[in-house]
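Scroll down for the structure; my scribbles are underneath it.
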Amino acid sequence: MAIVLHSSPLLWTRLAALAFSCVAFSVAVHGAQLGHGTGDWCIFCWAFSFAGTLLVILVELFGLQTKAPVSWKNFPITFACYAALLCLSASIIFPLYFLKGLSDSSSVHDYRIVVTVFSCLATIAYISEVSISKARPGEVAGYMATGPGLLKVCETFVACVIFVFVSDPVLYDRHDALKYCMAMYCICFILSAAIILLCIGECTGCLPFPFPRFLSAYAMLAVVLYLSATIIWPIFNFDPKHGGNKNRPYNCNSQPGLCLWDKRMAVAVLTGVNFILYLADLIYSTRLVFVNA
């Protein structure tokens, strides 16, 4: 089997991401002493990013793109975008949980600083890979390399973070309006994930309707749903008339991690973020339909 090695900025960026993520999880496992469950999540982010990048490099090194069971126009950039978001989340979460309150003179502190630095470097490397791989105007590329495709990745990732906050403990069972918000999060996540899978599997041509028009219609639906949740979630969580509390409780300052009020606020903010992402997606998708027409 012939080995194909073409030196390019994309290759060097992937090698940098591979090295940085490898150092991050290796040092974390070796000397960072992560006893909290959050540390397992951070290690997963770095290890998953490392394994996926290694797979992409090996496939391209041995010229196996045509034999891969996925669309190689869509898979590498989709993975790089997810890896960038995972490493970014780890770069934020890790220092919040494992650097705050630790003695500066301890060796564990030094290990954790190294982990944080290389996690940030890995994030920058993956963002650079996405920037290099992103389709340019007039360039023929897969859907996931376009603006709407990358927005779908961000939308599903933000939805996953929302699911984490609302599920431990359950934050949506106090009122039917909050259950509606949860149902809306699930519907939009499932449809966005299905679109990503269809593009990666090159199955968009199997749909009984034009794919671009479906994207535009779905983006419009998602904007309406997320707009309603952006309004409803804060009302039923922070308005005293509906049993909420608009002021942050004092006991939140003494609790490790995020208290219930913090999680409710985080969901409210992330709902607004996803609304903006879906709105941008709608603008992109509508433009795509009219340009093609």
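The values are calculated or read from the model by the stated rules, or taken from the named source; none is laboratory data. Since this is a predicted model, take the numbers as computed values, not measurements. Methodologically, a virtual Cβ is constructed for each residue, glycine included, from the backbone with ideal geometry; neighbour enumeration extends over all protein chains shown. Each accessible area value is taken on the protein alone, full model and side chains, heavy atoms only, with ligands, DNA and RNA left out. Shrake-Rupley method; radii C 1.70, N 1.55, O 1.52, S 1.80 Å.
In the distance distribution for the stretch 146-292, Cα-Cα pairs more than 22 Å apart total 43 percent. For the residues ARG14, ARG174, a 1.4 Å probe over the protein chains yields an accessible-area ranking, largest first, of ARG174, ARG14.
In the stretch 146-292, Cα pairs under 8 Å separated by at least six residues give a relative contact order of 37 percent. Listed by chain and number, the lysines whose C-alpha is less than 24 Å from the C-alpha of LYS134, apart from same-chain residues fewer than 8 away, are LYS67, LYS73, LYS152. Short to long, the 10 Å bins of the Cα pair-distance histogram for the stretch 1-137 hold 13, 41, 28, 14, 5, 0 percent of all pairs. Measuring only protein heavy atoms, the 1.4 Å probe finds LEU215 accessible over about 0 Å².
If we count every other residue with Cβ under 15 angstrom of ASN247's Cβ, Lys/Arg +1 and Asp/Glu -1, where does the sum land? The partial results should precede the final answer.
On the way: positive: LYS241, LYS246, ARG248, ARG264; negative: ASP239, ASP262.
Value of the local net charge: +2.
Largest accessible area first, the residues THR204, THR13 order themselves as THR204, THR13 under a 1.4 Å probe with ligands, DNA and RNA left out. Convex hull volume per residue, computed on the Cα atoms of the stretch 129-223, equals 120 Å³. Mean residue ellipticity at 222 nm, helices only, the chain: -25000 deg cm²/dmol; runs of at least 4 DSSP H residues each add -39,500 (n - 2.57), and the sum is divided by the number of residues. Across the chain, C-alpha contacts under 8 Å between residues 6 or more apart give a mean separation that, scaled by the residue count, equals a relative contact order of 20 percent.
Between the labelled values [x] 51, 41, 41; [y] 62, 56, 27; [z] 204, 66, 42, the entry that holds Cα extents along the principal axes in Å as derived from this structure is [y].
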